[in-house]
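Below is one structure, written out as structure tokens; comments come after it.
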Amino acid sequence: MNRDSRYPALPRTSGSPEATIEVDGLRKRFGPTVALDGMTFSVPPGQVTGFVGPNGAGKSTTMRVILGLGAADDGTAVIGGQPYRNLQHPLTHVGSLLDTSALQPSRTARNHLLWLAHSQGLGSRRVDEVVEQVGLKAAIRRRAGGFSLGMRQRLGIAAALLGDPPILMLDEPFNGMDPEGIVWMRGFLRALAAEGRAVFVSSHLMSELQDTADHLVVVGRGKVIADTSVTDFIAAASGDHVELRTAKRAGAMKVLADAGAEVIATAPDVLLVKGLSADRTVAALTAKHVAFAEVTTHRATLEEAYMELTRDAVEYRAAAAAGGTAR
Amino acid sequence: MSLPAAGLSRARYGSQTLHAEWTKLRTLASTGWLLFAVAVLTIAVSAAADASATCQSRGCQTDPAKLSLTGVQVGQAIVAIVAVLAVSNEYSSGMIQVTLAAVPRRLTVLAAKAALIGGLFLAAGAVTVLASVLAGRLILPGHGFTPAHGYQPLSLGDGPVLRAACGSVLYLVLIALLSLGVASAVRESAVAIGLVLGLMYVLPVVASVVSNQQWHRHLEQIGPITAGLYIQDTVDVPSLPLTPWQGLGVLALWAAGALTVGALVLRLRDA
Amino acid sequence: MTTVRPYRSSAPAKRNDFAQLLHAEWTKFRTVPGWVTGMIVAVLVIVGFGLFASGGGVKASSTKACPPGMSSADCRSAAVSLAPPENTIALYLIGTFAGLIAVAVVATMFMSAEYRRGLIRTTFAASPVRGRVLAAKAIVIGAVTFVAGLVGAGGAVIFATDLAHQRGLSVLSVRWPTELRIIAGTAALIAVAAVFTLAIAAIVRRSGATVTIAIVTIVFPYVLSISNGGATGITDFLLRVTPAAAFAVQQPTPQYYLAVTSPATGFFPLAPWAGFAVLCGWTVLALVLAAYLLRRRDA
């Protein structure tokens, strides 16, 4: 699907070249399936960039291509102008977390971090520093196989931080975190970005990203659909509306339509009013003496904006449950 | 929507589990290839052994039936692998949790796997062994194993040859069951294969190296492979440390022991 | 958006060193208790077999050397009428093949465990030059198994010879350079076999298949020739062509032809270093193929 015209492409920022990921025209197929179809975007330093899209949109594949783990059929992916394999001590340039269960179960978590540190010429002192940073000090000498999902996520973050890199690339880091963990992660990622790092976080859940990300790269079917800031994204979505509960449905509909709003009845006594603020809705109804029980303002969420945008790009959709409404 | 009433009869439970295990096995591409490899390798090695043997005159010490069944000693390694993978693949992929959620009676699962693997190799083994004997029948007369030297062409009508052939099929089945038991106990495919192949190869070597006659006999009697292969002997049978069927019985005991240990581990440990 | 001053890593800027990669792979190996145990088991198996073999020896008899100039065929037929086989050091190293099975399992796991859980991606993200990763793994597993082989073979020979002497059995004496060649050769055989297994694991990626291929090509021909009482026909061919040819390093001296010409008594179809070269050839082939596939495939 084409790039949505509501979201103009932002110019590439020119921050420090070493701390930027630049992806240009990536194409990749797995047999007959097209995974990446001209993926182009960049991740600048100093902000959290959310990488969102439906399942199967190509997020993990893109990340793997950036890290040199898979070869693209066409296009380039560079870190500070260099392909990943040319980087000296790559973990000091890009810290990544792709798969939290990529652990040898019988090895202790500390030893896992240790071999990673050794591969970059770092020592056990650095290992202890990152363990402290992610709050795993108590459990770090246990077998990695016995770690819960949340602990594995923290261990993965610790591994990504080992080289103290200016770029962080995390694939679905919120998966499996409990509420406390999500709050911690959110604050942590924002702090990292505030230090001047480029933080690149993929997710397919909007609610987590809404308060974490500054900038969004929305993808679907292997292409970028939107590349914009979070506030602009939400603002451009048509989700703001007022919910009105009233027994006098017909009367209210007429009054509000006259006032210039778009009104939809969603239930016997509930109306969705678009185009009028809550104040003006109340004013219009009281002026014409139409009784109502409740008026609620509904702010568009990132989730709604995203759903609206990616409706056509969703690869896997379950059949609508009997009795539910299909979109 | 109402669910079917719980409480299946034992027989139904067992046959459904069997059906599920068969589906698992037949939808894995590697199963077919490995069975094919068992057949091809066994027949090829048997034929090669036949072709490289000669008999110049009367009274060669060669046992034609055993010679034409030499390939079984090679095919048995692949039989072991198929059986090990049938269990260890479940653990390595984590599917064991799905299997045990679907069929919580763990021993039923193991019994179904055993019945299935046993049946599979009964069928595959029969085909393979028949083909090996046929190859021997065709090849050996051209290498000096003629009636003039005292060797009739191999025929299944001949009592000892029939016993050697049927016994070899059972031998393969027992090897498979032994491997299944070890894999259930150990769970890790590389370690299980190492253990089974180690068991197969270590005792024969140890036995042949020991020159103390008594020890030599005892080691041959208790080794699963050495004892089990007595079933193939058709010449000079009275001089064997055990009768052919006793030898196969030793292997059966080993298989039963391995399955018991495997069942205990399956029952008692976390999945 | 505000321009934030970009972050600079605090990690010391060192040159990328192969030694660091070796250090990482060594750390990977020594921190998995199962693999370390496997190596210890291999050593114990080799020594244990040696002790067992020494106990089952035969009475001393004088050694029979074939006069130089006699054709090997005549010498062999003359040897048939000689006394039963004597103990040679090759006999005490009979456990090498069993230790090799344990080593094959460990070497397989060292590589295939990375594929099982997607750890290979973490490894390649840390060290994107894939050929170097393979080289580092090969060196680590080769070094560890060489040391284990030295300890095992040396221990087996020393303890078993001691035991045999205590029981009054004679051991075919060999000059010390030959003895050194046998022990070091056995350690080298184990090390190269481990590297061969590692390469197969990188090619095949499944641990079950790898262990099988390793055991069938390296151990099985040797076992077959022993249990069939000698290297004849097909077993002779196998002992020349398969990686199992490397067991030839264990033969004491070619000119001692004994009654039973079997690897158990030290008779092999190939000369020691020729046999070892066969294993090395196979290993090099496997490594080249592994390196090619590692680079080509997606992680």
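Quick note: the coordinates plus some simple rules give every number you see, no bench work behind them. Just so you know, these numbers come straight off a predicted model, no measurement behind them. So basically every Cβ, Gly included, is an ideal-geometry build from the backbone, and we count neighbours across all protein chains shown.
Things to note:
- Antiparallel %, DSSP beta bridges [both residues in the protein assembly as shown], to 5: 65
- Stokes-Einstein translational diffusion, segment B:131-176 - Kirkwood Rh over all Cα pairs, 1.306 mPa s, 10 °C, in µm²/s: 138
- Segment B:28-268 - charge dipole about Cα centre, Lys and Arg +1 at Cβ, Asp and Glu -1, debye rounded to 20: 440
- For segment A:17-235, the convex hull drawn through the C-alpha positions has a volume of 118 cubic angstrom per residue.
- For segment B:1-91, the equivalent ellipsoid derived from the alpha-carbon gyration tensor has semi-axes of 45, 15, 9 Å in decreasing order.
- Packing-based exposure ordering (other Cβ within 10 Å, fewest first) of A:Glu180, A:Glu22: A:Glu180, A:Glu22
- Averaged over the residues of peptide A:95-106, the number of Cβ atoms from other protein chains lying within 10 Å of each residue's Cβ is 5.
- The percentage of C-alpha pairs in chain B whose separation is greater than 25 Å is 50%.
- Residue exposure sequence - A:Arg299, A:Arg85 - by fewest surrounding Cβ within 10 Å: A:Arg299, A:Arg85
- Think of segment B:28-268 as having a plus end and a minus end, set by charges on the Cβ of Lys, Arg, Asp and Glu; of B:Ala112, B:Leu170, B:Ala192, B:Ala112 sits farthest toward the positive end of this dipole.
- Counting only other chain Cβ atoms within 10 Å of each residue's Cβ, the peptide A:157-168 averages 2.
- Isotropic mean projected area of the C-alpha convex hull, segment A:150-290 (nm²): 12.1
- For the protein assembly as shown, the Rg and Dmax computed from alpha carbons only, in angstrom: 35.1, 129
- Given +1 at the Cβ of Lys and Arg, -1 at the Cβ of Asp and Glu and no other charges, the dipole of segment C:108-201 around its Cα centre is 400 debye to the nearest 20.
- The modelled label-to-label distance for the pair A:Thr33/B:Leu100, using points 7 Å beyond Cα in the direction of Cβ, is 3.0 nm.
- Global geometry of segment A:241-298, whether rounded, prolate or oblate, following the gyration tensor of its Cα atoms and the 1.5 cut on a/c: rounded
- On the beta carbon distance between B:Leu264 and B:Ala29, with R0 = 41 Å, the FRET formula returns roughly 0.80.
- Note on chain B: helix-only mean residue ellipticity at 222 nm, from DSSP H runs of 4+ residues weighted -39500 (n - 2.57) and normalised by residue number, equals -25000 deg cm²/dmol.
- Taking 4.7 Å between C-beta atoms as the pairing limit, chain B has these partnerless cysteines: B:Cys166.
- Residues B:Met95, A:Met307, A:Met185 arranged by fewest to most Cβ contacts within 10 Å: B:Met95, A:Met307, A:Met185
- Using Cβ point charges alone (K and R +1, D and E -1), the dipole size of segment A:241-298 about the Cα centre works out to roughly 160 debye.
- Of the trypsin sites (Lys or Arg not before Pro) found in segment B:4-96, the ones in coil according to DSSP and having at most 15 other Cβ atoms within 10 Å of their Cβ are B:Arg58.
- Virtual spin-label span in nm between A:Arg245 and A:Asp74, 7 Å along Cα→Cβ: 5.6
- Each of C:Val133, A:Ala72, A:Val131 was placed along the dipole of the protein assembly as shown (beta-carbon charges, centred on the mean Cα), and the one lying farthest toward the positive end is A:Val131.
- When the P(r) of segment A:199-271 is calculated, the portion above 18 Å amounts to 56% of the C-alpha pairs.
- With N as its number of residues, segment B:71-159 has a Cα radius of gyration that, divided by 2.2 N^0.38 Å, comes to 1.67.
- Mean partner shielding of peptide C:214-220, defined as the number of other chain Cβ atoms within 10 Å of each residue Cβ, is 4.
- Over segment B:12-167, the reciprocal of the mean inverse Cα-Cα separation, the Kirkwood hydrodynamic radius, stands at 17.5 Å.
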